[in-house]
Structures are given as C-alpha cells and as structure tokens.
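Notes for the one structure printed next.
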Amino acid sequence: MSRIIVVTSGKGGVGKTTTTSNLGAALAKHNRSVALVDADFGLRNLDLLLGLEERVVYTAIDVLAGECRLAQALVKDKRIKGLVLLPAAQNRNKESVQPEQMKKIATALAKGYDYILIDCPAGIELGFRNAISAAEEALIVTTPEVAAVRDADRVIGLLEAEGVNKISLIVNRVKPLMVEENKMMSVEDVLELLGVPLIGVVPDDEKVIVATNRGEPLVLGEYESVPAQAYSNIARRLEGEKVPFLDLMANQGNIFSRLRRMFGG
Amino acid sequence: MKRERTTQKVDIRRYTDDPDVMTFEPTISLDKVDELPNSSPLVNRYSQIGLKNNGEQVLLILPTQAEINSDLPWSETWQELKHLLKTKEQSWQEGTKVCLVAKDRLLDARQLQTIAETLDDVKLSLATVSTNRRQTAVAAATSGYSVQQNSAQPLVEEQADEEITPSTLAEPLYLQSTVRSGVEIRHPGTIVILGDLNPGGKAIAAGDILVWGRLRGIAHAGAQGNLQCRITALKMEFTQLRIADAVARPPKLRPKRLSPELAFVTPDGIRLTDTSEFAKNYVFSKSNKAWIGKNQAK
Ligand SMILES: Nc1ncnc2c1ncn2[C@@H]1O[C@H](COP(=O)(O)OP(=O)(O)O)[C@@H](O)[C@H]1O
Ligand SMILES: [Mg+2]
C-alpha cells in the first residue's frame, strides 16, 4: 500500500521544501520508492533543493495537458535509487490547476511508488487545496514561533475538515539555547497547543542552508550531521519504527533542568 | 486613524475584610470599555448555519444574503456546513430527510449537489428545498428535489427586534473538537466546546460559552446584548473576553490558576472568579444590569 503524504505549514519559509527533499532521500535510502511532487506552482524550488533543476523537461502541467506521459515528466535522482521528482511549472498560470487534477496525478503515482510526498505551497488558497486534495496523511512543519504555530493550527483545522485525520508534526529550526533562555517556544509548548503527535524535531543548523544552496539533501551528504540524523529519524518513524527523539537540549542547562524537561515539568 | 477609547481601570483588590462589598477575591482586574463595540452588526453577521431536528426531518437553515454580508464566498458557507455537520452531535437517525431552508440564497445545481453530498456523508438525505428565489427553485426542481417556494418575506428580521430572552435562544451548540486558529463559531444560543479554543479561534454566542479545555482565543458571550451571560473554562488563558458590550483583556502577568474560572459582568466590568464559587456568591441585579455580591443585594 502506498502512502500519499502532504507536507504543509500555512506559513512560508518554515522548511516544507527542505523537509520534503530530505525525507524523500531518507526514505529512498531505506529502499523505498518515492515520488516527490512539487505542488508549489508559484515558487517551485523542490528541483533546486534536490539539484535536479537542469534535468527538468516536462512538468505536471504538461502531463495534465496531455503533452507528455506521466513517466516522461518524472525526473530520476541519479544519486539514489528509487527517488523521482514531478516538477511544477513556474510559467503557467497556477490557477489553471484544479484539485481534481492533482488528485488524478497523485493517484496515478501511487500505483508505482511506496511514498508520494507532496510539497505544498504556503497559504490556504487554491494551491493549498490542490496539494491536499489527494493526501491521506499530512506532515505539518512549523518553527517554534507564534505566527508559524498559529498558521499550523489553522491548517490542521482545514485538514481535519477535509477528512485528513492522520496528521503528524515536525518542529523545525529549534534553537536549544534560546529555548533554555526562555526566548523561544519549546517543542512542548508547540505540541501542547496543536495537539497532534510529534514525528520529528530538527535543530536550526547552518548546514541545512549550505546543503540547500548546494542542491544536495543533507541525508545524502558524506558526513553525519544532527539535522541529517533528525530527518533520517523522521523517515524511520514514518516506517513505523520507534526511534527516540534526539535530545537537542542535552548540552543546555544543568542536570536539574534536564530532568525537569524529561519529566515534562 | 486610531479610535480614542476611554477605559476605566479597576484595581486588583481584596474585598475580604470589608463586609459591605463583595466577599469574593477577584482574581483579575480588567478594563471596561466605555465606547462599546457596536453590537448590532454582530447580530446581523450571524452567518451561522442553523441545524434543527424536529423529529421527522432536519431543517438546514442557510443565512440570508443580507446576513452574510453578500460577498462571503460559497466555499466558506460550505466549509462551515461541513464543520457543523462533523462536530455537531449526531442526533438524527440514518437516512433522515433534510429540508434545506435557503431563503433568498441563490443556489445552482452544482451547489445543491455539494450540499447533498456533504449531507450524504453524515447519513442525511436532502429531500426538500425551501426558497423564495425563482432560480433556486428551478435548480432544485431540475435536480429532483421537492420545492417549497415562499414569498420573499424574511421572517427572521421581524424577530430580530424583539428583546432576546434566554428562552428565545437556539438550543446549545455542542462542539466535540478543538476550535483552531482561523475558525469562528457563531451561534444564536449557548456554545459548549469539549476541547480547546485556540489562539486565533473565536466563539461568539448569544448565550453562554463553556469551554471544557483551555480558552486561549476570543470568546464573546451574550453577543446580542445579554449582560447576564457568562464564560467559563477549565483554563482561562484568553486573548480577549467579551460579554455583551464589555471587553476584557488579560493583564500582563497572571498567576497560573488551577481551578476552572468563570467570567461575568459586574458593575465594574468583567471579572473572573472560581467557577465553583460563583453561584453561591452572586445574583444578577436587573437594576444594575450586572452580577452583584449576594450580601450586597440585600
Ligand atoms: N533546520 C533548519 N536550519 C537552518 N535553516 C533552515 C532549516 N530548515 C530550513 N531552513 C532554511 O529556511 C529557508 C526556507 O526553507 P524552505 O524549505 O524553502 O521553506 P518552505 O518550503 O516552507 O517555504 C531555506 O533557506 C532553508 O535553507
Ligand atoms: Mg517551499
């Protein structure tokens, strides 16, 4: 059974595309076949983050217009077996795509791939409705900031209204030092408000930005890094493994505040 | 341009050693806004879709064109309907017939179909469409629904002028889910939320508001002017509370309260007290148009 999962957030710039590319690569490393769908027609950049920009020939719009077959439009990632990208068109009028059409594409992909990960645009308008139309599950990405959490909450409500009830949360760009100093919401604060299960915590790390600029998902990099580990862990949890959460706060504070955190005090 | 507001600050005071005044310990001080947020558009803005079960059939009542400020997109109405059906306690039997009271709303065949499908999901079946628009009647008839066409006489507006007493309120709306950011629940009666009212979420009730969870968003009770209405929550962490035309914002610093609290209107504005202490200490004074301490009332 393949899984169609939308990666969404409401707010822009919180790490949806970064998450989609890294999770895709991490799942492929686990020998899963993965199709990434760029549903951000306005600001497509999943191809950029994957370093596949030069190889894009056709896009989802061409498929819908009947100008090419679905398989032709899929760009294979040569670095890793089983990972493909369905790019979004940038030039076409994004209003020209409808939820029903996106659903058709995702359902067709589901016949050949274990995971369909859909990179959702920011906002809650048509682009969002397109991206979630086929989704059976959702990964909500948020940063520990009030505005991002507020938007995540809104999006969760909309997903629930659409009948997407399998929703998990990724808290991205956590800065342990700031949390320790009470200058940033903690993961617990975010969870307590949103009330959906946590599937991953990713630290704020400049390696993420470096990898983004290089067009290479961190999880495919040579060196192990904490954020790469965090993304791999999310992939494993998606696969049903029980993986303990990284203790990003490990180096912060004294033994008492760490214990307090462990016991949720 | 900023609107000038005159606010009257009330201090946190302990009344315990003065027998003449209220014998409770106010847990909070709040501003009373003198210049009232105009409450009449609020009443008109009741875009709430009504759902009434009269035993034999369910009445699905759409707000009139005027009530929704005309340009609310159809998708919003539909979303609201879906939300309502999902969260409303299902008090009907499978296959119960529905009469859609569309009033002056223009509905085309496609919209009727989406309504029918949405109802279908919760085992209700659209049977009758009641409307005073010819086009809607035609669309309904062509889609095979029976049609009741009424003259364009809005019953609802006549009632709006009457004084709202609790008995004319709609039956309570019972929501078994968290009200999330961006969602606004309006109900011409009491609202009960079995979940949280999150920041960015709003509950507006003509009656009381009871939150069996955390109240962190905006709650407006007595929205049609009833100062007797109350707001209670297991955890009061609100962004704003309103009762009729009184407004309260949280102070910067508030000690964490463990017990459920209740907000009500006193002659000095909105106050909070332990929910369990309320009934034994307060009575509503018609002359003061506010709740006052029982010993004060004598
Ligand atoms: N964990 C992180 N640490 C540091 N930078 C990050 C992290 N996650 C994302 N970023 C950066 O934030 C920016 C926005 O990320 P992106 O994935 O494009 O967001 P979205 O798709 O939600 O708009 C990018 O420059 C990315 O490199
Ligand atoms: Mg993006």
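Give the shape of region B:151-298 as rounded, prolate or oblate, defined through the alpha-carbon gyration tensor: a ≥ b ≥ c are the square roots of its eigenvalues, a/c under 1.5 means rounded, and otherwise the shape is prolate if a/b is larger than b/c and oblate if not.
Oblate, since a/c reaches 1.5 and b/c is not below a/b.
Given the C-alpha centroids of region B:241-264 and region B:212-234, what is the distance between them in whole angstrom?
Spelled out, the Cα-based centre of one part sits 10 Å from the other.
As a test of reading the structure, rank A:ILE118, B:ILE61 by solvent-accessible area (1.4 Å probe, protein chains only), most first.
B:ILE61, A:ILE118
For region B:242-298, just run the numbers: alpha carbon Rg, then divide by 2.2 N^0.38 Å, N being how many residues it has.
It is 1.19.
Let me know the mean shielding of A:153-163 by other chains, meaning the per-residue number of their Cβ atoms within 10 Å of its Cβ.
6
Using a 1.4 Å probe and counting only protein heavy atoms, arrange A:ASP119, B:ASP120, A:ASP189, B:ASP274 so the residue with the most accessible area comes first. Before the final figure, lay out each step's value.
Details: A:ASP119 0, B:ASP120 100, A:ASP189 75, B:ASP274 40 Å².
Putting A:ASP119, B:ASP120, A:ASP189, B:ASP274 in descending order of accessible area: B:ASP120, A:ASP189, B:ASP274, A:ASP119.
Can you pull out the trypsin sites (Lys or Arg not before Pro) in region A:31-97 whose DSSP state is coil and whose Cβ has at most 13 other Cβ atoms within 10 Å?
Taking region A:31-97 and a limit of 13 other Cβ atoms within 10 Å, the loop trypsin sites (Lys or Arg not before Pro) found are A:ARG69, A:LYS78, A:LYS81.
Stretch A:ASN182-A:ARG79 to full length: gain in nm at 0.36 nm per residue minus the Cα-Cα span? Working shown, then result.
Numbers: separation 103, 0.36 × 103 = 37.08 nm, distance 4.15 nm.
Extra length available between A:ASN182 and A:ARG79 comes to 32.9 nm.
Can you bin region A:1-139 into rounded, prolate or oblate? Criterion: square roots of the alpha carbon gyration tensor eigenvalues sorted a ≥ b ≥ c, rounded for a/c under 1.5, prolate for a/b above b/c, oblate for the rest.
rounded
Between A:LEU43 and B:LYS123, what FRET efficiency follows from the Cβ-Cβ distance if R0 is 56 Å, with the result rounded to 0.05? Before the final figure, lay out the partial values.
Numbers: r = 42 Å, r/R0 = 0.75.
Taking R0 as 56 Å, the efficiency between A:LEU43 and B:LYS123 is 0.85.
In terms of modelled amide H atoms, which long-range or inter-chain residues lie less than 5 Å from the amide H of A:LYS175?
Residues meeting the criterion, in which the H sits 1.01 Å from N, are A:ASP204.
From the phi angles alone, apply the Karplus equation (6.51, -1.76, 1.60; θ = phi - 60°) to region A:136-147 and give each ³J(HN,Hα) in whole Hz, x where the residue is Gly or Pro.
Couplings: 9, 9, 9, 10, 8, 9, 9, 9, x, 10, 4, 5 Hz.
At 1.4 Å probe size, with no ligands or nucleic acids counted, give the accessible surface of B:HIS83 in Å², nearest ten.
50 Å²
Taking amide hydrogens as modeled 1.01 Å from N in the peptide plane, which residues meet the under 5 Å criterion relative to B:LEU126, leaving out close sequence neighbours?
B:VAL98
With all protein chains present, calculate the accessible area of A:GLU224 using a 1.4 Å probe and round the result to the nearest 10 Å².
Approximately 130 Å² of A:GLU224 is accessible to the 1.4 Å probe.
Within chain A, what's the longest stretch lacking chymotrypsin sites (Phe, Trp or Tyr not before Pro) that sit in DSSP loops with no more than 10 other Cβ atoms inside 10 Å?
Longest site-free region, per DSSP loop and neighbour criteria: A:1-222.
Could you state how much accessible area A:LEU218 has, in square angstrom rounded to the nearest 10, with a 1.4 Å probe and all protein chains kept in place?
Number for this one is 20 Å².
Could you quote the convex hull projected area for region A:102-230, Cα atoms only and averaged over all directions, in nm²? Write out the running numbers ahead of the final one.
Details: hull surface 36.5 nm².
The Cα convex hull of region A:102-230, projected and averaged over all directions, gives 9.1 nm².
Using a basic spin-label model with each label point 7 Å from the Cα along Cα→Cβ, how many nm lie between B:ARG257 and B:GLN113?
Going by the 7 Å Cα→Cβ label model, 5.2 nm.
Would you please give the residues with an amide H less than 5 Å from that of B:GLU261, counting only those at least 5 places away or on a separate chain, with H modeled from the backbone geometry?
B:ALA233, B:MET236, B:THR275
For a Förster distance of 45 Å, can you work out the FRET efficiency between the beta-carbons of A:THR107 and A:ASP247, rounded to the nearest 0.05?
0.65
Between A:GLU145 and A:ARG69, what is the spin-label point distance in nm, taking each point 7 Å from the Cα along the Cα→C-beta axis?
Here the answer is 4.5 nm between the modelled labels.
Run down the lysines and flag those whose C-alpha is under 18 Å from the C-alpha of B:LYS280, throwing out any fewer than 8 positions away in its chain.
Partners within reach: B:LYS294, B:LYS298.
Cross-link list A:LYS183/B:LYS252; A:LYS166/B:LYS202; B:LYS103/B:LYS286; A:LYS29/A:LYS166; A:LYS242/B:LYS82; A:LYS11/A:LYS111: which exceed 28 angstrom alpha carbon to alpha carbon?
B:LYS103/B:LYS286; A:LYS242/B:LYS82; A:LYS11/A:LYS111
The values are calculated or read from the model by the stated rules, or taken from the named source; none is laboratory data. The structure displayed is predicted, hence computed values, not measured ones. Because the Cβ atoms are built from the backbone with ideal geometry, glycine has one as well, and the counts that use them run over all protein chains shown. For the accessible areas, the whole protein counts, side chains as well, though only heavy atoms, and no ligand, DNA or RNA atoms are used. Shrake-Rupley method; radii C 1.70, N 1.55, O 1.52, S 1.80 Å.
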